[in-house]
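Step one of this worksheet: look at the structure below.
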Amino acid sequence: MLKQLYIKNFTLIDELDIAFQSGFSVVTGETGAGKSIILGAIGLLLGNRADAKLLKTGENRCVIEAHFDLRRYELEPFFKENDIDYDASDCIVRREVNVNGKSRAFVNDTPVSLTTMRELGEQLVDIHSQHQNLLLSKEDFQRSVVDIIAADKTILDDYRSTFQDYRNAEKDYENFLENVEKNRQAADFLRFQLNELTEARLQADEQEQLEQQRDTMSHAEDIKSVLYEAKTTLSDDENGIVSRTQKIARQMGELAHFYPIANELSERIDSCRIELKDIADEIGKEL
């Protein structure tokens, strides 16, 4: 219920302070008396667009403030949701507009957005005039009226508690479905990874082998150059170590007639020659 309306520096109004009593109130006056101006001021409290032209000529700021009794409106959840102090016996809604056309909105001295002020105003005031829709056409408003007239707070509280339980269960169910879907996607991904690993047929120590192969391939030119030089050094037909070792073994064998130990040395040298030749052949395969 609107208890008091205060208007200052709004269009033609210097200052106006009206107190309303419980019950039906009527504001009368001839055309041009300012009735529509009062409605325009209330419109600002409902979140209507502000304009510097609304200020009284020569003034820097206009103020519209209304006091409401909310004890039958059941609006405490709205105030909690928007982090606004709640006083059911005296709710103060204020709108200020400065000379630049900028405005500020307050509910119980807490700054609020115009959207919040509009949401609250729609539940407090219904302006019925030509070409304007009535709140009576809105189902939420109709239910609120029924609740106010019924005046059975116990039933209403029980309904709200039960409805909140339903919403919580509905949210839990939605979270459950979401988790089921996430688990399904995770299982699909794990199956995909398992298939990839199965098809890869990985072996023990394969990573080390692949890393070794990578290192070998990255130094292929160096390896090839060294192996070529080693093979050439070992198996060159004239100056290779194998050829020279064979020659030394033969010469050492010729000394055996008059130097017996030379035969043993010849055999040992020839054995080294064979091993060097095997090494040269192995290097040749790598090339």
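The values are calculated or read from the model by the stated rules, or taken from the named source; none is laboratory data. For clarity, every value in this text was computed on a predicted model and none was experimentally measured. Virtual Cβ from ideal backbone geometry, glycine too; neighbours counted across all protein chains shown. In case anyone asks, the SASA skips ligands and DNA or RNA and just uses the protein heavy atoms, side chains included. Shrake-Rupley method; radii C 1.70, N 1.55, O 1.52, S 1.80 Å.
The residues of the stretch 146-197 expose on average 90 square angstrom of accessible surface per residue, using a 1.4 Å probe on protein heavy atoms.
The share of accessible area on the stretch 1-108 that comes from carbon and sulfur is 47 percent, using a 1.4 angstrom probe. With respect to the chain, whose longest principal axis is taken over its alpha-carbon atoms, helix 220-235 is tilted by about 10°.
Given the pairs Lys138/Lys171; Lys3/Lys53; Lys56/Lys102; Lys8/Lys56, which are separated by over 20 angstrom at their Cα positions?
Going by Cα-Cα distance, Lys138/Lys171; Lys3/Lys53 fall outside the 20 Å limit.
When only the Cβ of Lys, Arg, Asp and Glu is charged (+1, +1, -1, -1), the dipole of the chain relative to its Cα centre reaches about 1600 debye.
Principal-axis analysis of the Cα atoms of the chain puts helix 139-150 at an angle of about 50° to the longest axis. When the Cα gyration tensor is reduced to axis lengths a ≥ b ≥ c, the ratio a/c is 1.5 or higher for the stretch 51-185, and with a/b above b/c it is classed as prolate.
Give the average over all directions of the projected area of the C-alpha convex hull of the stretch 1-78, one decimal, in nm².
Averaged projected hull area, Cα only: 6.3 nm².
If you rank Ile149, Ile283 by how much accessible surface each has, with a 1.4 Å probe, what is the order from largest down?
Ile149, Ile283
List every residue whose amide H lies under 5 Å from the amide H of Lys56, counting only residues 5 or more places away in sequence or on a different chain, with H placed 1.01 Å from N in the peptide plane. Close amide H contacts, sequence-distant or interchain: Phe10, Thr11. Once the Cα-Cα distance is subtracted from the 0.36 nm per residue extended length, the Glu211 to Asp87 segment shows a gain of 37.2 nm. Any chance you could give the angle, 0 to 90 degrees and rounded to 10, that helix 241-254 forms with the longest Cα principal axis of the chain? Long axis of 241-254 versus the principal axis of the chain: about 20 degrees.
Values (1) 14.8; (2) 18.8; (3) 36.7 are given for comparison; mean projected area of the Cα convex hull in nm², derived from the coordinates here, is the one labelled (3). The accessible area of Arg273, taken with all protein chains in place and a 1.4 Å probe, comes to roughly 40 Å².
Mind ordering 86-97, 21-32 by average Cβ neighbours within 10 Å, highest first?
86-97, 21-32
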